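For reference, the structure discussed in these notes is given below.
The values are calculated or read from the model by the stated rules, or taken from the named source; none is laboratory data. Since we're looking at a predicted model, the values are computed, not measured. Counting neighbours? That spans all protein chains shown, and the Cβs are built from the backbone with ideal geometry, glycine included. Just so you know, the surface numbers come from the protein's heavy atoms only, side chains and all, with ligands and any DNA or RNA stripped out. Shrake-Rupley method; radii C 1.70, N 1.55, O 1.52, S 1.80 Å.
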Amino acid sequence: MIDKIKELIAEAEAFTAQTKEEVEAFRIQYLGKKGLLNQYFAEFKNVANEQKKEFGQAVNTLKKAAEDKVNTLKEELESKEEVKGVYGDLSRPGEPVNLGARHPISIVKNQIIDIFSNIGFNVSEGPEIEDDWHNFTALNLPEYHPARDMQDTFFIQTNPDVLLRTHTSSVQVRYMEKNQPPIRTISPGRVYRNEAISARSHCFFHQIEGLYIDKEVSFADLKQTLQYFTTQLFGKSKIRLRPSYFPFTEPSAEIDVYWGLETESDYRITKGTGWLEIGGCGMVDPNVLENCKIDSKEYSGFAFGVGIDRIAMLLHQINDIRLLSENDVRFLEQFKSAL
Ligand code: DAH
């Protein structure tokens with residue numbers, strides 16, 4: 001009988017299994033209630049006294065061999081399962097990758113940049129925290145100039161020289177200080193004004209500034225450039241330059257686009273006039289050129305500034321400017337298919 005047990009020990013040690021079910025069958029065969037071990041334990045009382053010791057040891061060895069085998073096989077199979085879990089079923093279709101969407105402000109900004117780079121403008125940027133010189137003084141707005149009140153400025157704490165720029169015209173100054181004509185640049189960016197927040201206005205918004213300086217630049221060049229711009233962006237080529245006043249341009253004008261009066265929304269957008277104001281423009285005031293060390297006898301140029309937020313709202317039927325800064329995913333997701 002002892003020889004039979006030794007055979008079983010060898011068999012148990014050599015046993016291998018591919019599935020949990022095979023391991024379980026093995027366990028029942030050896031260690032189950034009616035399994036081999038219990039049978040041998042029951043046999044114990046019938047074993048002759050002088051053989052009891054050897055028999056007992058052999059049965060215990062068999063028990064240990066069977067238990068060890070069950071444990072190691074279980075562990076092996078479980079760790080294999082884990083590996084399978086990491087890679088999953090390789091024949092399954094892939095998980096969809098959730099693509100983000102560009103912000104409508106970026107979409108429109110990039111469109112405008114494209115339109116102007118096609119006619120040779122580069123892109124320049126300046127800081128949002130500005131000093132008085134670049135935001136006001138160099139732009140022909142000296143201290144106590146009444147036109148400073150046109151823009152409700154956020155000052156940085158107690159220092160009146162440090163402020164949040166109220167327009168991207170400050171970048172004009174920075175660009176001209178560093179570059180000599182010919183200059184063709186557009187400067188997109190965020191600007192700040194201390195205004196009550198409503199569906200139509202916010203205390204921060206976005207502008208694109210344009211600047212063109214060269215010899216013999218005329219008002220006709222300005223008009224032609226703006227007409228090209230509105231045609232490209234809105235598909236509308238009829239514009240009107242309405243006389244206005246900005247300290248940094250002379251003469252100055254508001255840019256109106258003829259939107260038409262075909263639909264109800266045209267009436268609403270243009271307040272029944274058919275015309276829509278999109279920004280300001282003019283011939284750069286010689287004082288501004290001189291402030292930036294550009295010879296105003298040799299060079300002239302034009303500048304313009306348009307609001308990005310209003311254009312984005314128009315092009316994408318957004319009825320509340322606050323949506324542009326609330327980061328509501330339900331709003332942002334709607335721009336997934338845009339450029
Ligand atoms: N900076 C002006 C504003 O924020 C817009 C503007 C008007 C910019 C005329 C210009 C310009 O460059 O020539 O209201």
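Here are the numbers for the structure shown:
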read-out	value
Neighbours by Cβ (under 6 Å, 6+ apart or cross-chain): first from segment 63-89, modelled with pLDDT of 85 or more; second part of a helix (DSSP H, G or I) and of a type in the set (F, W, Y)	A66/Y30
Subset of segment 180-215 that is acidic (D, E) and surrounded by fewer than 22 Cβ atoms within 10 Å (Cβ to Cβ) - its residue that is farthest from V284 (Cα to Cα)	E195
Search result, residues across segment 252-283 that are under 22 Å from F304 (Cβ atoms) and more than 10 Å from the ligand (Cβ to nearest atom)	D256, V257, Y258, W259, I269, T270, T273, G274, W275, L276, E277, I278
Segment 231-247, residues that are open to solvent by less than 60 Å² (accessible area, probe 1.4 Å) and away from the ligand (no atom under 16 Å from the Cβ)	T231, L233, F234, K236
Which listed residue is farther than 30 Å from E177 by Cα and among the β-branched types (V, I, T), from V108, V123, V47	V47
Those residues of segment 133-154 which are modelled with pLDDT of 90 or more and open to solvent by 70 Å² or more (accessible area, probe 1.4 Å), in sequence order	W133
Filtered residue count, segment 285-318, keeping only those that are within 15 Å of the ligand (Cβ to nearest atom) and either open to solvent by 10 Å² or more (accessible area, probe 1.4 Å) or not in a strand (DSSP E or B) (or both)	14
Selected residue (only one of E75, E95, E24 is over 30 Å from S337 (Cβ atoms) and either open to solvent by less than 80 Å² (accessible area, probe 1.4 Å) or outside any helix (DSSP H, G or I) (or both))	E24
Residues of segment 162-179 satisfying the condition of being within 18 Å of V284 (Cβ to Cβ), open to solvent by 10 Å² or more (accessible area, probe 1.4 Å) and either of a type outside the set (D, E, K, R) or in contact (Cβ under 8 Å) with a residue 12 or more places away in the chain (or both)	R174, Y175, E177, N179
Filter result for I208 (within 16 Å of the ligand (Cβ to nearest atom) and in contact with a Pro (Cβ under 6 Å, 6 or more places away or on another chain))	yes
Qualifying positions in segment 151-183 - among the charged types (D, E, K, R) and away from the ligand (no atom under 14 Å from the Cβ)	D161, E177, K178
